[in-house]
Structures are given as C-alpha cells and as structure tokens.
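> Sharing a structure below in structure tokens format, with a few things to ask.
The values are calculated or read from the model by the stated rules, or taken from the named source; none is laboratory data. Keep in mind that what you see is a predicted model, and the values were worked out from it rather than measured. Heads up, the Cβs are rebuilt from the backbone with ideal geometry, glycines too, and the neighbour counts pull from every protein chain shown. The area values use the complete protein model at the heavy-atom level, side chains included, leaving out ligands, DNA and RNA. Shrake-Rupley method; radii C 1.70, N 1.55, O 1.52, S 1.80 Å.
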Amino acid sequence: MALPGYTAVSLFSGCGGFCEGVRLAGFEVKAAVEMDRFAVQTYRANFPEVALFEGDVHHFLNPDAEEWTSQAENFAAVKEGAIDLLFGGPPCQGYSQIGTRILDDPRNELYLQFIRVLTTLRPRVFIMENVPNMLLLAKGRFKKEVLEAFAAAGYSNCGVQVLAASNYGVPQLRKRAIFVGIRDGENLGEPVQDFIQDALKEEEQPVQTVWDALRDLPERTAIHYEPLPYSRTAARNDILDEMRLDRDGRWYPSGRKTSLLPDGKRKLHNHHTKEIQERRKNLIALLKPGAKGDSLPKDVWNGLRPEKWRRLPLDKPAYTILAQMHRDLSEWVHPRFERWITVREAARLQSFHDGFVFHSSEWQMLKQIGNAVPPLLGRAVAAAVQQVLETLDGPSKTIPLQRPRQGDLLHELQTSLSLSASR
C-alpha cells in the first residue's frame with residue numbers, strides 16, 4: 001500500500017476503473033472529473049468519498065468558467081503542489097484502430113487538457129493512459145509531440161510503454177499505452193521509464209482465463225435489473241478470489257467488496273444481458289469456444305466480417321472488451337451458454353469485483369465497462385508509481401517545487417503541435 005498521505009486526482013474518470021485501481025494501490029483520490037451523466041451515476045455510487053467535478057474537463061480549475069466556480073468549494077484540497085499523482089486517459093476515438101486516425105481530429109486535443117491541469121497542479125508524478133495505436137499515428141509523430149509537450153510542461157523525465165492487462169491478473173488480452181513522468185527537479189536517479197519497467201516486472205501475475213473468471217456465475221440471468229441470489233462455489237483460483245464477495249483476494253479483502261441488500265444478504269448485481277432471438281441462439285449454438293463466424297457452415301455464415309459472430313474462449317484470456325458492446329454483443333458470446341455475456345460477466349473480464357455495482361441503463365453500463373481501464377491493470381501501474389514516490393521520498397530527497405516554462409504554456413503547446421484546444 002502507498003504511504004499515508006499520497007494523493008491523486010483523476011481526469012476522464014468514466015465509471016471509475018482507473019480510480020479503483022489507484023485507490024486499491026493505496027492512494028487517496030482527492031478529486032475526479034467526468035462529464036458523462038450516466039458514468040457519473042456509477043462513479044458516485046462507488047466513490048462517495050471522492051469530490052467529483054461533473055462537467056467538461058476544459059472547465060476544471062478554470063476560474064473563468066461558471067461550471068467551475070459553482071463547484072469550486074468542493075475542491076479546496078486540489079491545489080498546486082498538494083497532489084502527488086495526476087492520472088487519466090483522454091478519450092481515444094481520434095486515434096484508435098477503429099477511429100478516424102486523423103492527427104488533427106478535435107478529440108485528440110483532449111490530451112492538451114490533461115497537460116493544462118498538469119501545469120496547474122504540478123503533481124510529482126503523472127500517468128496518462130491510452131490506446132497503443134496513438135504511438136503509431138502519423139509514423140510516430142503524435143507520440144513525439146506528446147512527449148515534447150510533457151517536457152515543455154516541466155516533466156522532461158517521461159516515457160511510454162505498452163502494457164498487456166493479462167500480465168497483471170486481468171483475464172483479458174487488452175493492451176494500453178502508459179505514459180509516466182516525474183516533475184522536473186525531482187531526482188529519481190534514472191530515466192523514469194526504466195524505473196517503471198523494472199517495478200512493473202515485480203507486479204506481474206499468472207495469466208487468468210475466461211473460465212477462471214466466469215465459472216461460478218449462473219446461466220440464469222436477471223429478467224430486468226433485479227439482483228440475484230449470490231450462489232456459493234467450491235472452485236478457487238486467483239481471479240475468483242479477487243472477484244467474489246465472500247473471498248479474500250491478494251489485493252481485495254472481502255470487507256472492501258461489500259454489496260449487501262437491506263436484509264444483510266449478499267446479492268449478485270448486474271447479471272443481466274440483452275435478449276436474444278431464437279434464430280441467433282441457434283446460430284451461436286454452432287460456435288465452439290474461441291471460434292469466429294467463419295467457422296460456421298457456409299449456409300449459415302454470410303461470408304462477411306468473421307468477428308461479427310464470436311464466442312469467448314474457455315482456456316485463454318478474453319479478447320478486448322470494447323464499448324461497442326452496448327450496440328451489439330454478437331462478438332461476446334458466453335463460452336458455454338447460448339446467450340451473450342452479462343454486464344457482470346463483462347465487468348469481471350475487466351477485473352471489476354462483484355461489489356462494484358453499475359448504474360443507469362444496461363446500454364450505458366456496457367459502454368462504461370468497455371471504456372474503463374481494468375482496475376487490476378490500474379493497480380499495477382499505480383503500485384509502480386508508488387515505488388517512484390517512495391524513492392523520491394528517501395533521505396535528502398527534499399526538492400523545491402519548480403515552475404515550468406514561462407508564458408502561456410497551453411498556447412505554446414497548441415501552436416507547436418498544430419492543434420487547437422478550442423476545436
């Protein structure tokens with residue numbers, strides 16, 4: 001666990017997957033920022049102790065924005081030099097493999113808002129998460145410009161690496177690009193990328209499979225959104241111990257996963273999914289675990305995109321859980337049952353424990369889960385950053401706060417990167 005007093009601020013918080021991981025590593029999340037009103041419902045329910053700025057990130061810490069001034073009194077603890085860690089993942093549609101992949105896509109500008117808050121709060125360390133494809137955009141130009149922007153903001157000891165969630169206890173083959181940097185004037189003694197890489201090796205966990213994560217959940221699902229009885233199981237493995245309410249995991253003691261109804265009984269929440277037509281049920285019955293649509297008989301499969309129909313494997317981690325589940329679940333067929341996976345099953349494959357309850361509509365819940373940073377991946381990265389802070393806090397490590405480059409830094413960055421924050 002992080003030393004007492006280590007504090008953090010979250011941007012682009014969504015339903016709270018990254019926050020859950022950072023909190024699990026022992027940090028106190030002082031503030032979070034999210035504008036999606038549906039994700040906010042889930043966040044408030046699971047992080048009642050966190051001051052949440054519900055609004056546009058452009059307005060956060062902006063004294064000229066009415067949206068900020070009306071909420072500012074809730075964020076007295078969020079000020080320059082008082083925060084150890086700033087973290088978050090700017091929305092990635094502009095540079096994902098299924099997005100537009102245009103360098104000047106207005107959505108790519110949001111990482112500049114991360115840098116604006118970074119220059120305002122001057123935390124000792126930051127973590128910025130995104131899709132690996134951003135590193136390849138425009139033949140690496142976007143990556144180069146982001147690193148230059150962080151250096152201009154006063155974080156020249158900065159690096160980026162691609163991490164696989166399956167290496168850190170998440171039963172999913174999800175890869176993320178992780179930027180980490182430390183404030184100029186802090187003496188780590190080596191490049192932060194090398195330090196983080198070594199620290200993350202210590203955090204690696206055995207690979208967990210889909211069936212490891214889902215084997216205890218019932219075939220029967222909720223008719224509406226009602227909680228179901230919490231069944232018992234004798235099955236044991238690392239991911240079940242983390243997920244189940246009645247188990248102590250390596251990271252989660254059972255007391256941190258409480259999800260009780262007024263009668264004091266444990267319940268299974270969010271175990272519901274979209275209805276399935278009989279013809280589709282007959283179709284997916286022909287799919288073997290791990291198989292795609294191109295394995296179906298020729299008179300069944302129309303020859304189009306193979307991933308249109310896809311059953312999750314049993315003995316491997318899941319392929320990536322995506323936000324597009326909310327539109328179509330045909331790529332996420334349960335490995336054994338003739339139905340789509342449920343909201344709870346999707347959450348488990350992202351490493352959300354059973355006490356983390358999702359709110360709003362089923363459509364929005366699936367979107368929230370697909371957009372989230374897997375909590376156990378977030379925990380591993382935050383634990384590595386904890387080691388950075390502990391090293392900086394060693395003997396004779398008292399460093400005065402240094403200011404970044406003078407002038408309107410955000411304007412300079414916008415000019416140098418040929419981007420506009422006003423788009």
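> May I ask you to give the solvent-accessible area per residue for segment 328-372, in square angstrom, as obtained with a 1.4 angstrom probe?
Details: 900 Å² over 45 residues.
Here the residues of segment 328-372 average 20 Å² of exposed surface.
> In this model, which of LYS265/LYS292; LYS79/LYS257; LYS288/LYS367 are farther than 29 Å apart at the alpha-carbon? Intermediate values should be presented prior to the final figure.
On the way: LYS265/LYS292 40 Å; LYS79/LYS257 31 Å; LYS288/LYS367 26 Å.
Table pairs above 29 Å Cα-Cα are LYS265/LYS292; LYS79/LYS257.
> While we're here: Quick one: angle between helix 141-152 and the longest Cα principal axis of the chain, in degrees between 0 and 90, rounded to 10, please.
The angle comes out at about 40 degrees.
> On a 1.4 Å probe surface of the protein chains, which of LEU217, LEU136 comes out largest in accessible area, and what is the full order? Can you show the working numbers first?
Working: LEU217 10, LEU136 115 Å².
Per-residue accessible area, sorted high to low, gives LEU136, LEU217.
> While we're looking at this one, here's another question. How high is the FRET efficiency between GLU148 and LEU188 when r is their beta carbon distance and R₀ equals 25 Å, given to the nearest 0.05? Mind dumping the intermediate values first?
On the way: r = 20 Å, r/R0 = 0.80.
Plugging the Cβ-Cβ distance into 1/(1 + (r/R0)^6) gives 0.80.
> Just the number, please: carbon plus sulfur as a percent of the accessible area of the chain, 1.4 Å probe, no ligands or DNA/RNA counted. It would help to have the intermediate numbers written out before the result.
On the way: 8890 of 18030 Å².
Within the chain, the accessible surface is 49 percent carbon and sulfur.
> While we're here: Could you sort the peptides 13-26, 267-280 by per-residue average Cβ neighbour count (10 Å cutoff), highest mean leading? It would help to have the intermediate numbers written out before the result.
Numbers: 13-26: 26.1, 267-280: 16.5.
Top to bottom by mean Cβ count within 10 Å: 13-26, 267-280.
> While we're here: Given segment 206-350 reduced to its alpha-carbon atoms as identical point scatterers, what log10 I(q)/I(0) does the Debye formula return at q = 0.14, 0.17, 0.19, 0.20 Å⁻¹?
Here log10 of I(q) over I(0) equals -0.70, -0.98, -1.17, -1.26.
> Multiply the residue separation of LYS175 and ALA65 by 0.36 nm, subtract the distance between their alpha-carbon atoms, and state the gained length in nm to one decimal.
Working: separation 110, 0.36 × 110 = 39.60 nm, distance 3.59 nm.
Roughly 36.0 nm would be gained on extension.
> Starting from the Cα of ARG256, step 7 Å along the direction of its Cβ; do the same at THR233; then give the gap between the two resulting points in nm.
2.1 nm
> Rounded to the nearest 500 deg cm²/dmol, what is the calculated helix-only ellipticity per residue at 222 nm for the chain, with -39500 (n - 2.57) per DSSP H run of length n ≥ 4? Let's see the in-between values first.
On the way: 13 runs with 119 residues, N = 423.
Theoretical 222 nm ellipticity from helices: -8000 deg cm²/dmol.
> In terms of solvent-accessible area of protein heavy atoms at a 1.4 angstrom probe, what is the ranking of ASP263, ASP241, highest value first? Before the final figure, lay out each step's value.
Numbers: ASP263 95, ASP241 30 Å².
My answer, sorted largest first, is ASP263, ASP241.
> As a test question: what accessible area, to the nearest 10 Å², does TRP309 have when a 1.4 Å probe is rolled over all protein chains in place?
Using a 1.4 Å probe on the heavy atoms, I get roughly 30 Å².
> Mind pulling the angle between the C-alpha long axis of helix 375-392 and the longest principal axis of the chain? Nearest 10 degrees, somewhere in 0 to 90.
Result, in degrees: 20.
> Further question on the same structure: What does DSSP give for the chain in terms of the percent of beta bridges that are antiparallel, rounded to the nearest 5? Mind showing how you got there, number by number?
Working: 19 of 37 bridges.
Percent antiparallel among DSSP bridges in the chain is about 50.
> For segment 311-359, divide the Cα radius of gyration by the Kirkwood radius and give the resulting Rg/Rh value with two decimals. Please list the in-between numbers first.
Numbers: Rg = 10.7 Å, Rh = 11.4 Å.
For segment 311-359, the value is 0.94.
> Give me Rg over Rh for the chain, both radii from the alpha carbons and Rh done the Kirkwood way, two decimal places.
On the way: Rg = 21.9 Å, Rh = 22.4 Å.
On the Cα set of the chain, Rg over Rh gives 0.98.
> Next question. With all protein chains present and a 1.4 Å probe, how do VAL162, VAL385 order by accessible area, largest first?
Details: VAL162 70, VAL385 0 Å².
Largest accessible area first, the residues go VAL162, VAL385.
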